[in-house]
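Heads up, the thing below is written out as structure tokens.
The values are calculated or read from the model by the stated rules, or taken from the named source; none is laboratory data. All of these numbers come straight from a predicted model, not from anything done at the bench. Neighbour counts run over all protein chains shown; Cβ positions are idealised from the backbone, glycine included. Note: accessible area is taken over every heavy atom of the protein model, side chains too, but ligands, DNA and RNA are not part of it. Shrake-Rupley method; radii C 1.70, N 1.55, O 1.52, S 1.80 Å.
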Amino acid sequence: MDILKTLLYLFVYPGLLFLLIYSTFCEWFDRKLYARFQNRMGPLHTGQSGILQPIADIIKLLFKEDIVPEKADKSIFSALPVFGLAIVCTAALYLPVWHYCKEASFNSFPGDLIVVAFLLSLPTLIFFLAGWHSTNFFATIGAVRVLTMLFGYEVPLLLALLSPAILADSWRLSEIAVFYQINPCLLLANILGFCIAVITLQAKLERVPFDIPHAETEIVGGVFTEYSGKKLAFFRLLSDIEMVVGAGLIATVFMGGFPGGLWWGLLNFVIKTLIIVFLLSAIRAACSRMRIDQMVSFSWRYLAPLAVLQIFIVILLKGFLK
Amino acid sequence: MEEFTVPIGPQHPALKEPISLRMTFDGEVVKHVDVRLGYNHRGMEKMAEERSYIQNLYLTERICGICSHSHTTCFAQGVEKLMEIEPPKRGLYIRTLVAEIERVHSHLLWLGVAGHEAGFDTFFMYTWRDREIVMDILESISGNRVHYAINTFGGVRRDISEAQKQTILDSLGLLKQRTEYYTNIGTTEPTFVARIKGVGKLSKELALSLCAVGPTVRASGIKSDVRKDDPYAVYNEIPFEVCTADTGDVFGRVVVRVNELFECYKMIEFMLKNLPVGDIVVKAPRRVKENEVVSRYEAPRGENLHYIKSNGTDKPERLKVRAPTLANYPATVEMLKGCFIADIPLIFAAIDPCICCAERMVELVNVKNGEASVVSFGDLKKLASEQYKKCGNKPEPVSIAKQLEKIRRKS
Amino acid sequence: MKIQILAFLPELLKHLFRKTATVDYPFQKLVAPEGFRGTPVLYPEKCIVCKACVRDCPAEALEIVSVSETEKKFKMTIHNDRCVHCAQCVDSCPTDAMGMNKEFELAVFDRHNLKIEYVYVKSTPAPRTTPTPNTPKT
């Protein structure tokens, strides 16, 4: 029975199949919202109000011509998208979605918060390598920008994620979630951290105002300039899944996780991640792209000090509660 | 990192039309810019010599899609001077009215493009949505959204009815309200302001010495506007201000254009309320006496200049067009020096470039020694196929005509 | 200077539940306004074959050839693929034989399908005005 459940966990829910379907749904939700914010219609014709459009896009990309630049290192160039997709799917397994383990197990152990944060920062390196190995000028510039941005947002994100963990006195995602399910009022103490986490997640996903590495009007496709066909489809899927996992991580840490077993847990997961996707879309629609120097100075001047302030608040609160 | 040269264009998402900007970068900073034109040459001036005046009216309209009215008006004014006819007042008023509505549409379009270049797509969608109101007005007046073709020699082709007058006045209220909102957004949204403030500086002296025109020069604090300096049509009867800004950067160019929008609304309202009664057109002759004329016009992008030489027939002997974009290229090169890669699209878009407007001639220049030469079409073809072979392609490119024939035979 | 964080947000939220500005085009069509310059059409019963339209057409889209000299039969071809929809032919025509309809969806797979041909007998009513290319029609 346990083996069956583990297999289901890995491949169906919340593993591969669910992730693929739900991430395309999230992309559709994001696109539709973005269009609505702009008084447009958004995807419309594939499926009920265009719900299948992201899947259709990916299928279409799979059948497109796949070009590898002559001077690029072919093996690395082709391996990177698959590798990146595997990394984000692995990160998804650590989200405490379905079965909570009282004891440590393969997907829940003390310190898995750090593991997820680490796995989520690996795609950035994948993007960098992808850009660097494309040997294209625009891709190289994009790759350099990816790394520059990484130094901007990674620290505030990690600090913001730590503050609820400090309050809950645990580095295990499921324990943090359970702690806040018992004391929901304490969630309010982390509001500042929540805002920082959402903004930095936007930067991690490289969406407006932080879409600097693949700013279309400046450096064409950025790191993805040379990618086409299947590989580009993988990268798109990677971004979608990264969005779901990032939203799931923030929902676990800042919104009390997903209690209620299989069905209620699923409902919790969907609602909470969609709230975060909504916030991400709103930021995307309300801002213009920053310049790379502005982005780095913004995150070190405002986000990082605010994240430290959040940790101070939490430490003081913790002393007060004791 | 050492300096390296990168071709921005002729195909690049920031450029809506083909032009090649060869840039030398030092890291993310632009060191040197080399503008290369000639990708969109259409031979319009030569074409104009082979057509009658009335046909040329529609040809000049197609020099530019955005400011189509400015080119026909400029041409029609010149030819009217050559024909020695004076259009009636009502005709001139309608001509000016369409010109100002076109300015509104062009500036709204530019605002959206500036937003898009800065990655502010929502701003772009909203401004373009509200631009539709202007497009609808133009369509109802002239019968088409882009090529209005309202001008003819000696006046205009269509009259404005009372009902149309009222609808235009009604939609002006909405437009004013929306423009105020965009002014507010464009000057307060922190991410957008951070992108346009202090970017692409052009000092007053430099703007003058490089002969920049239109909003580009006005944003550097110089009051230069053909409508005031050398009034044509009915601009000496309409009250309006020349809008300037002192900052000389992209932000200043946004401010100038937005203020000009408000001036436009005022002028449109004035013209509609004071529309004189009478004819809209006088009869024009077909043949034009031997003479020459230079006609100036303030297009939304700057000063537009047509030189027309007639030779007594019904066809012009020479037509020379100087579009505002061409006059702004030297200034753009100066603005681009020292900017970041991220600022290139914004600075380039800030002059509101219309590349096909500016492409008047193509010259073959040897890059190594700077020698210009004339090459016949046959030689050019030979050169091209040699180059094609050098690149390792099939020896002889299949001719398009042959391919077409193949397709036709199949079907 | 005034700076307002997320200045756009209220407007965005307002638009979330508003009707979209775009329409589902091929399924839902907008109506062209009165006086729209669509496709040129000929009213053959009025044509006196003065060829003023052919002379003035800037795109050389009109062509009139004689089919039979004895019957005074003519053939007019409107090459709609070349037409620039300026309506100069309507203005040039002394007898109102040319007009513009509101047809604007002209996409076809072969440009030759856009050709419109009229074969007709030359009519001989006295022209109301002398053929002046620049007189506008109201």
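Observations, loosely collected:
- Unmet requirement for B:D159, which otherwise passes all of (1) farther than 19 Å from B:I280 by Cα; (2) open to solvent by 40 Å² or more (accessible area, probe 1.4 Å); (3) not in a helix (DSSP H, G or I): (1)
- Residues within segment C:23-47 that are of a type outside the set (A, V, I, L, M, F, W, C), open to solvent by less than 30 Å² (accessible area, probe 1.4 Å), in contact with a Phe, Trp or Tyr (Cβ under 9 Å, 6 or more places away or on another chain) and outside any loop (DSSP other than H, G, I, E, B), tallied: 0
- Taking the numbered list (1) within 11 Å of another protein chain (Cβ to nearest Cβ); (2) modelled with pLDDT under 85 in turn, A:W264 passes all entries but (1).
- The residues of segment B:306-320 that are out of contact with any Phe, Trp or Tyr (no Cβ under 8 Å at 6 or more places or on another chain) and either within 14 Å of chain A (Cβ to nearest Cβ) or not in a loop (DSSP other than H, G, I, E, B) (or both), listed by number, are B:Y307, B:K309, B:S310, B:E317.
- Checked against (1) modelled with pLDDT of 90 or more; (2) of a type in the set (A, V, I, L, M); (3) under 30 Å from A:I21 (Cβ atoms), A:V308 passes all but condition (3).
- Condition met for B:R131 (of a type in the set (K, R), closer than 18 Å to B:L261 by Cα and open to solvent by 10 Å² or more (accessible area, probe 1.4 Å)): yes
- Any hit, segment A:228-251, residues being farther than 30 Å from A:E70 by Cα and aromatic (F, W, Y): no
- All conditions in (1) touching a residue at least 60 places away in the same chain (Cβ under 8 Å); (2) open to solvent by 10 Å² or more (accessible area, probe 1.4 Å) hold for B:G43, with the sole exception of (1).
- A:V178 vs. criteria within 14 Å of another protein chain (Cβ to nearest Cβ) and either more than 14 Å from the chain's Cα centre (by Cα) or open to solvent by less than 50 Å² (accessible area, probe 1.4 Å) (or both): no
- Pairs with Cβ under 6 Å, 6+ apart, first in segment B:291-305 and over 18 Å from B:Y235 (Cβ atoms), second of a type in the set (S, T, Y) and open to solvent by less than 10 Å² (accessible area, probe 1.4 Å): B:N291/B:S310
- Only listed residue being touching a helix residue (DSSP H, G or I) at 6+ places or on another chain (Cβ under 8 Å), crowded, with 18+ Cβ neighbours inside 10 Å, of a type outside the set (D, E) and over 29 Å from A:P69 (Cα atoms), chosen from A:L120, A:L161: A:L161
- Filter pass, B:G115 being touching a Gly at 6+ places or on another chain (Cβ under 6 Å) and open to solvent by less than 10 Å² (accessible area, probe 1.4 Å): no
- Of the numbered criteria (1) closer than 30 Å to B:I196 by Cβ; (2) at the interface with another protein chain (Cβ under 7 Å from one of its Cβ atoms), the one C:D24 fails is (1).
- Any hit, segment A:125-147, residues being open to solvent by less than 70 Å² (accessible area, probe 1.4 Å), modelled with pLDDT of 85 or more and closer than 29 Å to A:Y13 by Cβ: yes
- Look at segment A:184-208: where a residue is crowded, with 19+ Cβ neighbours inside 10 Å and a partner is part of a helix (DSSP H, G or I) and of a type in the set (K, R), sitting 6+ places away or on another chain with Cβ atoms under 8 Å, you get A:Q202/A:R284; A:R207/A:R284; A:V208/A:R284.
- Leading residue by the ranking (surrounded by the most Cβ atoms within 10 Å (Cβ to Cβ)) among those in segment A:1-54 that are among the polar types (S, T, N, Q) and not in a helix (DSSP H, G or I): A:Q38
- In segment C:4-22, residue farthest from C:K102 (Cα to Cα) [restricted to those that are part of a loop (DSSP other than H, G, I, E, B) and either open to solvent by less than 50 Å² (accessible area, probe 1.4 Å) or in contact with a strand residue (DSSP E or B) (Cβ under 6 Å, 6 or more places away or on another chain) (or both)]: C:A7
- Whichever residue in segment A:292-307 is open to solvent by 30 Å² or more (accessible area, probe 1.4 Å) and under 22 Å from the mean Cα position of the chain (by Cα) and, among such residues, is farthest from the other protein chains (Cβ to nearest Cβ): A:W300
- The criterion of being surrounded by fewer than 18 Cβ atoms within 10 Å (Cβ to Cβ) and closer than 24 Å to B:R62 by Cβ holds for C:E103.
- Test: residue in segment B:210-225 that is closer than 24 Å to B:P88 by Cα and of a type in the set (K, R): no
- Single match in B:I238, B:I222 (criterion: part of a loop (DSSP other than H, G, I, E, B) and under 23 Å from B:I268 (Cβ atoms)): B:I238
- Verdict on A:F109 being in contact with a Cys (Cβ under 9 Å, 6 or more places away or on another chain) and aromatic (F, W, Y): yes
- Among the criteria (1) more than 30 Å from C:D91 (Cα to Cα); (2) in contact (Cβ under 8 Å) with a residue 24 or more places away in the chain; (3) crowded, with 20+ Cβ neighbours inside 10 Å; (4) within 14 Å of chain A (Cβ to nearest Cβ), the one B:M125 does not fulfil is (2).
- Residue match in segment B:141-162 (condition: free of Cβ contacts under 8 Å to residues at least 40 places away in the same chain and either within 14 Å of chain A (Cβ to nearest Cβ) or aliphatic (A, V, I, L, M) (or both)): no
- The one condition in (1) within 14 Å of chain B (Cβ to nearest Cβ); (2) within 21 Å of A:L237 (Cα to Cα); (3) over 21 Å from the mean Cα position of the chain (by Cα) that A:R36 fails to fulfil: (2)
- C:E71 among the acidic types (D, E), in a loop (DSSP other than H, G, I, E, B), surrounded by fewer than 17 Cβ atoms within 10 Å (Cβ to Cβ) and within 12 Å of chain B (Cβ to nearest Cβ): no
- Single residue of segment B:182-192 satisfying the filter (open to solvent by less than 10 Å² (accessible area, probe 1.4 Å) and more than 7 Å from every other protein chain (Cβ to nearest Cβ)) that is nearest to B:A245 (Cα to Cα): B:G186
- Qualifying residues in segment B:63-90 (those that are closer than 24 Å to B:D352 by Cβ and surrounded by fewer than 20 Cβ atoms within 10 Å (Cβ to Cβ)) - the one farthest from the other protein chains (Cβ to nearest Cβ): B:I66
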